[in-house]
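A quick write-up on the structure given underneath.
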Amino acid sequence: MRPLGIPTSGFSSTFANAKNHTVPPTQPFLPRRGLLAALAALSLPPRPAKPSPYRIDERFGAIRFSVSVLGLFSVSGRFLRFFGDLTLDPRRPEATAIAVSVPTADIDLPLAEQRDLIRSAAYFDSANYPIARFVSQAVSVLAPDRFLIDGLLTLRGVTNPVRLEARLTERRRDPQRGIDVADVLAQATVSRSAFGMVADRLLLSDRVRIEIQVRIELPDGS
Amino acid sequence: MAAEPPATWSLAQRRLHWIIAALVFVTALLGVAMVAVPFEALFAKFLLYQAHKSLGLVVCTCAAAQITLHLTRGRPPPDPSLPTLHRSAAAFVHGLLFALLLLVPVSGFLAASAAPAAIPTLLFGIVPIPHPLAPSEALYAVLRPVHLALIAALSVLVLGHASAALLHHRRGRPVLRRMWRG
Ligand code: HEM
Ligand code: HEM
């Protein structure tokens with residue numbers, strides 16, 4: 001089911017910090033993660049002194065979606081893979097930028113038939129539009145830990161504005177790795193019909209809830 | 001249990017018997033249909049599943065009511081024209097039928113609870129019935145075949161049961177008549 005042999009439940013973060021990093025490059029995740037993580041760490045860009053884009057993918061978090069069924073209950077799934085760049089400086093949240101690509105065929109849903117259906121032409125149409133993409137355009141800060149990310153979502157070849165409501169959880173020590181981490185929790189509600197995805201409107205809500213969770217490593221003293 | 005066994009089936013007992021028979025038939029048809037309908041017809045499939053689960057639970061309730069009625073009102077003694085072997089065979093099959101009328105819906109309900117799809121059971125599309133089990137691939141892999149095996153047993157017994165009833169009727173015994181008209 002999972003295309004990569006990487007556990008997706010526990011977040012591994014090879015996420016490098018932006019500034020003043022004091023963590024030795026090859027440190028604690030290595031014993032736990034093994035060769036794959038070591039390779040991933042090697043593929044990260046070198047760490048410069050100022051904020052720069054960090055590669056994010058499914059090892060750092062999860063992207064889930066859910067629809068309501070007749071307003072009675074909801075069905076949710078998860079994108080198994082995503083990749084993109086995140087520029088995040090906790091000292092200057094308004095400069096946050098994010099661009100993420102999501103392969104629309106790699107989806108976790110309970111039934112094989114559900115997975116086939118969501119890849120089909122009536123839904124993601126993965127054969128013709130294998131990648132969905134979100135690119136942020138502007139970030140407004142509501143509070144030190146809450147911000148709005150406005151951007152453009154391209155799905156099935158249609159681009160629409162989407163607003164993400166993001167929250168930064170409290171920073172906490174990751175004792176295993178000896179670094180400070182925090183989670184970015186973002187959510188959005190999109191209208192699937194705006195992307196031409198109108199199948200089963202009687203059964204499945206037009207509004208699709210999207211939840212994104214990404215674990216980031218914080219620079220010391222920020 | 002009533003002291004004197006009644007001379008014949010009460011109206012409630014007769015109605016329940018035929019209502020259960022009809023519901024079992026329709027529920028089984030819905031079961032086959034819901035599995036056969038493709039996922040592209042998602043709404044129809046969803047409705048068929050909910051209808052199957054709802055009617056199946058009604059069968060369970062009706063069977064429980066029928067058993068209660070038999071225990072409180074009693075049932076008429078077997079028709080005197082029946083050979084002894086037929087009487088004990090009938091008693092045995094009727095007992096099994098009652099057991100299956102309860103076990104088939106219960107196994108179906110447990111299978112639906114454990115199903116990985118995690119679709120709630122909504123009685124007639126509105127009243128949510130809490131699932132006693134959490135979704136589990138492993139449990140479902142056991143419970144679904146159990147439901148199907150019990151259905152196979154029920155089908156065989158119902159066929160035999162109905163054939164016997166028709167056979168007795170053609171031989172002029174009042175068995176079918178008393179279940180139909182009292
Ligand atoms: C008298 C009662 C019932 C009868 C005669 C019955 C009959 C059937 C039949 C014929 C099938 C289709 C098997 C197939 O074609 O693969 C089936 C499947 C099923 N039934 Fe029932 N059923 C009954 C009650 C219930 C109840 C009460 C529930 C749940 C609340 C239930 C849940 C299921 C489930 C989950 C399946 C499997 C569907 C699948 O394979 O996706 N059944 N049943
Ligand atoms: C799903 C279908 C059916 C089920 C589950 C079923 C179940 C039962 C049960 C449990 C009894 C025992 C009597 C009692 O204590 O209530 C019974 C009696 C009887 N059934 Fe059915 N039945 C079904 C279909 C049929 C059909 C199709 C016929 C006729 C063709 C039939 C004819 C009879 C008759 C005549 C009796 C009365 C026996 C007597 O008076 O001693 N049943 N049935």
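The distance linking the range B:46-115 with the range A:82-146 is 52 Å (Cα centroid to Cα centroid, whole angstrom). Amide H to amide H, with H built 1.01 Å from N, A:Ile179 comes under 5 Å of A:Asp174, counting only residues 5 or more places away or on other chains.
Close amide H pairs (under 5 Å, H built 1.01 Å from N) link A:Thr104 with A:Ile131, A:Ala132, residues at least 5 positions away or on another chain. As a proxy for reagent exposure, ranking B:Val156, A:Val102 by other Cβ atoms within 10 Å from fewest up yields B:Val156, A:Val102. The label-point distance for B:Ala138 and A:Thr189, in a model that sets each label 7 Å from Cα toward Cβ, rounds to 3.9 nm.
Placing pseudo-labels 7 Å out from each Cα toward the beta carbon at B:Phe124 and B:Val32 gives an inter-label distance of 2.7 nm. Exposure proxy for A:Met197, B:Met34: other Cβ atoms within 10 Å of each Cβ, ordered fewest to most, give B:Met34, A:Met197. Every Cα-Cα pair in the range B:4-57 was counted, and those over 16 Å apart are 52% of them.
Going from the residue with the fewest nearby Cβ atoms within 10 Å to the one with the most, B:Val59, A:Val181 rank A:Val181, B:Val59. For a modelled paramagnetic label at B:Ala165, 7 Å from Cα along Cα-to-Cβ, no residue of the range B:47-71 is in reach, as no backbone nitrogen comes under 13 Å.
For B:Ser136, the residues 5 or more places off, or on other chains, whose built amide H falls under 5 Å of its own are B:Ala115. At an R0 of 45 angstrom, the distance between the Cβ atoms of B:Val146 and A:Ser140 translates into a FRET efficiency of 0.20.
Maximal additional length on extending the B:Ser10-B:Thr61 stretch stands at 16.5 nm, based on 0.36 nm per residue less the C-alpha distance. Between rounded, prolate and oblate, where does the range B:11-181 land on the alpha carbon gyration tensor, with a ≥ b ≥ c its root eigenvalues, rounded for a/c under 1.5, else prolate if a/b exceeds b/c? Taking the square roots of the gyration eigenvalues as a ≥ b ≥ c, the range B:11-181 is prolate.
Any read-out appearing in this document is the output of simple, stated calculations on the displayed coordinates, not a laboratory observation. Quantities reported herein were computed from a predicted structural model and do not represent experimental measurements. Reconstructed Cβ throughout: ideal geometry from the backbone, glycine too, with neighbour counts over all protein chains shown.
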